[in-house]
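The values are calculated or read from the model by the stated rules, or taken from the named source; none is laboratory data. All values reported here derive from a predicted model rather than from experimental measurement. As a convention, Cβ positions derive from the backbone with ideal geometry for all residues, glycine included, and neighbour counts pool all protein chains shown.
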C-alpha cells in the first residue's frame, strides 16, 4: 500500500501555479523545496472550501489511498470533511482537486509529479502514485491555495 512507503526521495517536480499577493498583484515565485524543474506563476489562487471535492483516478487503489490521505490531512487542519470521489477524467472540473496518473509525463520518473493550480481547480498528475504521495506531503499549499 502506498501509505506505508516512507522513504523520502524526491525527484523531478514540475509546477504551474496561480499565485497572488495579499493585494491581488502578482507575487514573486514561491519558494519550493526541492526546486521544480519548471515553474510558471500567474495571478490568482484556488480557494479550498468544505464543498471542494478530491477526485481520484477510478480503478487505481494507490491513487485512491493518496486522495484519502489528503482528505484526512485537511480534515485535521481545517475541520472540513472533503469528499473523495472516483473520476474517469484527466481534467479537474471547477472547484475540484484531481489526483491522477492519466496523461502524466513519464520523464518525471516514479516519484516526480506535475502540479497545476488555477483559481478554478488543482490537478496533481504523476506517472505513478508514489509521485502523488510526495506531492501531497510537500507544503505546496502554502501561498498557492487558501483553505477557507
Original post:
Can residue 123 be described as in contact with a strand residue (DSSP E or B) (Cβ under 8 Å, 6 or more places away or on another chain), free of Cβ contacts under 8 Å to residues at least 40 places away in the same chain, within 22 Å of residue 36 (Cβ to Cβ) and not in a loop (DSSP other than H, G, I, E, B)?
Top reply: yes
Original post:
Taking the stated definitions as given, is residue 103 within 18 Å of residue 37 (Cβ to Cβ) and at pLDDT 90 or above?
Top reply: yes
**OP:** Examine the range 38-45 for a residue that is surrounded by fewer than 20 Cβ atoms within 10 Å (Cβ to Cβ), within 28 Å of residue 85 (Cα to Cα), at pLDDT below 80 and touching a strand residue (DSSP E or B) at 6+ places or on another chain (Cβ under 8 Å), and state whether such a residue exists.
**Re:** yes
**OP:** Would you check which residues across the range 78-110 are farther than 17 Å from residue 57 by Cβ and under 15 Å from the mean Cα position of the chain (by Cα) and list them?
**Re:** 94, 95
